[in-house]
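Some notes on the structure that comes next.
Please treat every number below as a calculation from the coordinates, not as lab data. Keep in mind that this is a model prediction, so the values were computed, not measured. Cβ coordinates were reconstructed from backbone atoms using ideal geometry, including for glycine residues, and neighbour counts include every protein chain displayed.
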Amino acid sequence: MANNVSLLNLSIIVRMANNSEAHNCWVIAVANNKGGVGKTTSTVAIGSILRSMGHRVLLCDLDPQGNLTTHLAGSNLEVSGHMGDVLAGSVPITEAILTYEPGKDASGALSKAPEAAQLDFVPASYEMNMFESGLQKKNGYATLLRTALRPVRPHYDFILLDTPPSLQTYTIVSLVAADGYLIPAEPEKFSYDGVKAVMEAAENVKDRLNPGLLLLGIFFTCYNADIRNVTHKLVVEQIEKNYGAESILPSVRKDAALVKAQVNAQTIQHFAPDSRAAVDYHELTAQLLTRLVQEHVD
Ligand SMILES: Nc1ncnc2c1ncn2[C@@H]1O[C@H](COP(=O)(O)OP(=O)(O)OP(=O)(O)O)[C@@H](O)[C@H]1O
Ligand SMILES: [Mg+2]
């Protein structure tokens with residue numbers, strides 16, 4: 001209970017901070033070119049927790065694999081517009097936004113879920129693979145997402161961008177559009193290399209196109225605290241040494257509830273609110289909010 005109250009208070013402070021001109025809306029990219037490290041899982045979990053706290057949240061699926069889309073809408077979704085259309089300029093983002101409603105059944109019956117459990121998202125499609133080279137040829141392609149998000153920024157407190165496992169087009173446009181970025185990583189041998197590659201790409205974007213881009217944190221997913229995890233310790237030490245202890249956010253423990261939630265096309269918040277993963281993502285989100293307040297104060 002005490003934890004919930006402090007989260008709520010923090011949330012109010014961030015809302016107040018958000019009301020200033022500096023940050024009406026935080027656009028946050030979740031990136032790591034390594035596959036399967038928890039980018040999509042974390043984007044949905046953090047987004048749904050922020051939403052449950054009363055923030056207005058939009059999730060954008062920038063990955064042609066469309067895992068975030070499937071996570072929230074199942075696999076039979078027919079979309080009228082996806083992020084590729086939005087970037088190509090053929091569909092305005094406002095027309096591509098869908099809403100995840102946990103109470104809605106397959107027949108589309110009206111949801112009884114409270115508004116705070118609903119989550120806006122813009123879907124992806126496998127077609128986005130075919131859009132990539134065309135987008136790169138567009139004038140000033142790197143800023144396409146930043147421009148596309150402009151009309152919706154005033155309507156959201158947070159826009160979270162789920163990126164694909166590469167440092168190509170969709171990740172670059174996300175880093176250019178973002179105010180800050182998060183790096184999920186697995187506590188394993190080569191994860192430092194993945195973190196380093198994202199940091200280098202972000203530094204490059206920062207130098208050329210987005211000087212305000214902030215690293216909001218690196219965190220570990222699939223953490224197994226039950227076994228003595230020497231590799232995790234080594235990776236954490238390496239990251240602390242190179243990027244500072246303050247760059248690390250709390251880890252998320254390995255939890256099968258996350259996989260089950262995805263299979264059921266539900267957020268972990270809705271599917272298993274008391275699970276280890278839900279508890280860990282709450283802690284992670286709380287620390288993220290603390291950082292955002294700090295950034296605002298600084
Ligand atoms: N903490 C966790 N505990 C158990 N399973 C997890 C955890 N986090 C993620 N997973 C599972 O790991 C798999 C990969 O996660 P996810 O899809 O979020 O990674 P990703 O980085 O988005 O992958 P990709 O690079 O392919 O987009 C999924 O099946 C997900 O359910
Ligand atoms: Mg993913």
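The table that follows gives values for the structure above.
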item: Antiparallel bridge percentage (DSSP; both residues within region 17-297; nearest 5); result: 10 percent
item: Entries in 34/137; 233/260; 189/254; 34/138 that, when Cα-Cα distance is taken, lie over 22 Å; result: 34/137; 233/260; 34/138
item: Inter-label distance for residue 237 and residue 208, nm, one decimal - labels placed 7 Å from Cα along Cα-to-Cβ; result: 3.7 nm
item: Environment charge at residue 148 (Cβ cut-off 13 Å; Lys +1, Arg +1, Asp -1, Glu -1); result: +2
item: Efficiency of FRET between residue 88 and residue 248 - r from beta-carbon atoms, R0 35 angstrom, step 0.05; result: 0.40
item: FRET efficiency for residue 259 and residue 153, using Cβ-Cβ distance with R0 set to 35 Å, rounded to 0.05; result: 0.60
item: Paramagnetic reach from residue 137 in region 158-193 [backbone N under 20 Å; point 7 Å along Cα→Cβ]; result: 168-170, 173
item: Distance in nm between pseudo-label sites at residue 290 and residue 168 (7 Å out along the Cβ direction from Cα); result: 3.9 nm
item: Other-chain or far-sequence residues with amide H under 5 Å of residue 251's (modelled H); result: 220
item: Chymotrypsin sites (Phe, Trp or Tyr not before Pro) lying in DSSP loop within region 111-219, provided at most 14 other Cβ fall within 10 Å; result: 126, 190
item: For region 270-287, 3J(HN,Hα) per residue [Karplus equation, 6.51 cos²θ - 1.76 cosθ + 1.60, θ = phi - 60°, Hz, x = Gly/Pro]; result: 8, 6, 8, x, 9, 5, 4, 5, 5, 4, 5, 5, 5, 4, 4, 5, 4, 5
item: Largest-first principal axis extents of the Cα set of the chain (Å); result: 50, 46, 37
item: Cα shape, region 152-298, gyration tensor, a/c 1.5 rule; result: oblate
item: Cut-off under 5 Å, modelled amide H: who pairs with residue 120 long-range; result: 57, 59, 100
item: Sparse-neighbour loop sites [trypsin sites (Lys or Arg not before Pro); region 123-170; at most 13 other C-beta within 10 Å; DSSP]; result: 138
item: Extreme residue, positive dipole direction of the chain, given options 149, 167, 67 (C-beta unit charges); result: 167
